[in-house]
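The values are calculated or read from the model by the stated rules, or taken from the named source; none is laboratory data. Only a predicted model underlies this, so the values are computations on that prediction, with no experimental measurement involved. Note: ideal-geometry Cβ built from the backbone for every residue, glycine included; neighbour counts use all protein chains shown. SASA here: full protein model, heavy atoms, side chains in, ligands and nucleic acids out. Shrake-Rupley method; radii C 1.70, N 1.55, O 1.52, S 1.80 Å.
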Amino acid sequence: MHIHEYQAKTLFSQNNIKTPKGVLISDIKQSNKVCSELGGSVWVVKAQVHAGGRGKGGGVILCHSIGEVEDAAGKLLGTQLITPQTDAKGLPINQLLIEAGQNIERELYLGLLVDRQTQKITVLASTEGGIDIEKVAKEMPDKIIKFGIDPLGNLSAQDCTLIAEKLGLNAELTQQFNNTLLGLYEIFTTKDVNLIEINPLIVTQENQLLALDGKIDFDDNALYRHEDIMQLRDVSQEDEKENEASEYQLNYISLDGTIGCMVNGAGLAMATMDLIEHHGGSPANFLDVGGGTTAERVAKAFELIQTEANVSGILVNIFGGIVRCDLIAEGILQAIEKVGLNLPIVVRLEGTNAAAGLKLLDDSNVKIHTEADLTQAAIKIVALSKEEGK
Ligand code: GDP
Ligand code: MN
């Protein structure tokens with residue numbers, strides 16, 4: 001689960017990490033009062049959306065007067081922000097963070113994640129922070145400092161000092177850096193975080209180290225034990241369909257392709273998507289209906305797939321292990337009766353009672369292409385969906 005920058009910064013402040021003074025607004029009328037409260041003569045208006053690259057997408061606006069702040073707020077609030085990290089639709093801007101502008105001397109990068117290769121929580125740091133850190137990581141990987149933390153130990157002040165040295169920080173800044181990194185580590189380890197990052201972590205002309213941005217991604221599987229973090233969820237930033245699916249215990253992820261997939265088991269779903277690609281098609285979604293599928297869930301899955309605008313064919317691929325294929329076939333027929341069917345569909349059933357299931361579908365008066373072989377099923381749906389798409 002992602003949270004907003006302003007929420008990350010609240011967590012930062014609670015953990016000894018310094019951030020610029022800022023206030024959250026959701027109405028342009030608040031701009032004037034907020035600017036006076038913050039003082040100074042430079043303000044930064046920042047769109048609060050769950051995506052990076054806001055600077056590049058026009059979601060971070062530097063202002064030199066209250067009038068400019070009002071204009072910026074009016075331009076952003078209530079619109080969709082499109083950045084290199086969002087889809088073409090972008091994300092809704094419901095809130096803005098207005099911050100006191102800073103005199104930036106240097107922009108650093110600092111983050112923590114679990115490095116799966118070394119199986120360690122790893123510090124990532126760079127002198128080349130700012131909006132092009134992805135480019136730095138790709139083109140100048142030696143500019144990224146990596147430090148793996150001993151899983152049996154802890155992150156020590158000496159470790160922090162070592163990294164600060166590599167970043168070329170002086171003694172005063174090193175102390176601030178240690179507080180910052182230890183604060184990040186505290187949040188990371190106590191809140192079950194997947195990724196936490198400050199980009200940029202700035203050095204100001206006044207020799208202050210400040211977190212100018214904040215990004216935190218929490219482990220969904222551990223959210224049950226962090227009531228406080230769960231409160232920070234903002235569903236307006238999430239995919240509507242994916243949320244609807246999760247209410248029915250369906251694992252659903254929208255993709256860009258044209259073939260809707262309904263599969264049981266994540267591994268089988270991935271193999272099915274690969275096979276569709278292999279035969280010249282492209283999947284419109286990843287959908288794992290789970291092991292103990294019910295007719296109701298199958299119906300919901302159908303509904304989700306069919307309302308996706310780009311879908312021009314459906315491939316159902318079910319392996320009956322615990323679940324019986326004839327029951328699945330009944331579920332499919334019930335679902336079609338309930339929500340209708342306006343696209344070509346290929347159903348592949350294998351496993352327990354597969355023959356009985358396929359016969360049920362063949363004997364029905366619904367136009368369903370049945371297949372016992374997965375490769376044949378993939379080839380068939382790719383052809384049918386290309387015809388439909390014309
Ligand atoms: P992101 O593009 O979504 O990562 O948004 P950031 O919060 O990182 O802001 C993007 C860029 O805006 C930063 O890298 C800074 O260069 C710039 N920026 C943000 N706040 C200030 C500020 O107070 N003063 C100045 N001069 N630039 C700022
Ligand atoms: Mn940033």
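Here the range 201-214 is the region considered, the condition is being within 13 Å of ligand 2 (Cβ to nearest atom) and assigned to a loop (DSSP other than H, G, I, E, B), and the residue that is least open to solvent (accessible area, probe 1.4 Å) is Gly214. When the test is whether a residue is modelled with pLDDT under 95, within 31 Å of the chain's Cα centre (by Cα) and assigned to a helix (DSSP H, G or I), Lys386 passes it. Please work out if Lys146 is in contact with a Gly (Cβ under 6 Å, 6 or more places away or on another chain) and more than 16 Å from ligand 2 (Cβ to nearest atom). Against the criterion (in contact with a Gly (Cβ under 6 Å, 6 or more places away or on another chain) and more than 16 Å from ligand 2 (Cβ to nearest atom)), Lys146 does not qualify.
Residues in the range 125-154 that are over 16 Å from Leu195 (Cβ atoms) and open to solvent by less than 90 Å² (accessible area, probe 1.4 Å): Thr127, Glu128, Gly130, Asp132, Val136, Met140, Pro141, Lys143, Ile145, Asp150, Gly153. Right, Gln102: in a loop (DSSP other than H, G, I, E, B), within 15 Å of ligand 1 (Cβ to nearest atom), open to solvent by 40 Å² or more (accessible area, probe 1.4 Å) and touching a strand residue (DSSP E or B) at 6+ places or on another chain (Cβ under 6 Å) or not? Considered against the rule, which asks whether it is in a loop (DSSP other than H, G, I, E, B), within 15 Å of ligand 1 (Cβ to nearest atom), open to solvent by 40 Å² or more (accessible area, probe 1.4 Å) and touching a strand residue (DSSP E or B) at 6+ places or on another chain (Cβ under 6 Å), Gln102 comes out as yes.
The residue pairs whose first member lies in the range 86-98 and is under 13 Å from Glu5 (Cβ atoms), whose second member is basic (Lys, Arg), and whose beta carbons are closer than 6 Å, counting only pairs six or more residues apart or on different chains, are Leu97/Lys46.
For Ile328, are the conditions met, namely being under 31 Å from the mean Cα position of the chain (by Cα) and buried (at least 19 other Cβ atoms within 10 Å of the Cβ)? No; evaluated as a whole, the condition is false for this residue. Within the range 23-60, the set of residues being in contact with a Phe, Trp or Tyr (Cβ under 7 Å, 6 or more places away or on another chain) and either in contact (Cβ under 8 Å) with a residue 60 or more places away in the chain or of a type in the set (D, E, K, R) (or both) comprises Leu24, Cys35.
Could you tell me whether Glu197 is open to solvent by 50 Å² or more (accessible area, probe 1.4 Å) and of a type in the set (Asp, Glu)?
no
Yes or no: the range 339-357 includes at least one residue that is under 24 Å from Thr258 (Cβ atoms) and either small (Gly, Ala, Ser) or more than 36 Å from the chain's Cα centre (by Cα) (or both). Yes, the range 339-357 contains a residue that is under 24 Å from Thr258 (Cβ atoms) and either small (Gly, Ala, Ser) or more than 36 Å from the chain's Cα centre (by Cα) (or both). Would you please name the residue that is nearest to His279 (Cα to Cα), looking only at residues in the range 312-326 that are without any contact (Cβ under 8 Å) to a residue 60 or more places away in the chain and in contact with a helix residue (DSSP H, G or I) (Cβ under 8 Å, 6 or more places away or on another chain)? Per the criteria, the residue is Val316.
Condition check for Ile61 on (1) in the same structural domain as Thr204 (by TED's automatic domain parsing); (2) at pLDDT 95 or above: one failure, at (1).
Go through the range 8-24 and count every residue that is open to solvent by 20 Å² or more (accessible area, probe 1.4 Å) and either under 22 Å from Leu81 (Cβ atoms) or within 14 Å of ligand 2 (Cβ to nearest atom) (or both).
Final tally of qualifying residues: 5.
Scanning the range 57-91 for residues that are over 20 Å from Asn103 (Cα atoms), open to solvent by 40 Å² or more (accessible area, probe 1.4 Å) and within 13 Å of ligand 1 (Cβ to nearest atom) yields a count of 3.
Taking the range 25-42 as the range and being closer than 22 Å to Gln80 by Cα and buried (at least 18 other Cβ atoms within 10 Å of the Cβ) as the test, the residues that pass are Ile25, Ile28, Ser31. Residues in the range 287-322 that are open to solvent by 20 Å² or more (accessible area, probe 1.4 Å), aliphatic (A, V, I, L, M) and part of a loop (DSSP other than H, G, I, E, B): Ala309, Ile322. Would you mention how many residues in the range 208-242 are within 16 Å of ligand 1 (Cβ to nearest atom) and of a type in the set (S, T, N, Q)? Total meeting the criteria: 2.
The single residue among Gln80, Gln14, Gln95, Gln30 that is within 18 Å of the chain's Cα centre (by Cα) and either under 24 Å from Asp234 (Cβ atoms) or among the charged types (D, E, K, R) (or both) turns out to be Gln80.
Being away from ligand 2 (no atom under 16 Å from the Cβ) and under 28 Å from the mean Cα position of the chain (by Cα) is a description that applies to Gln117.
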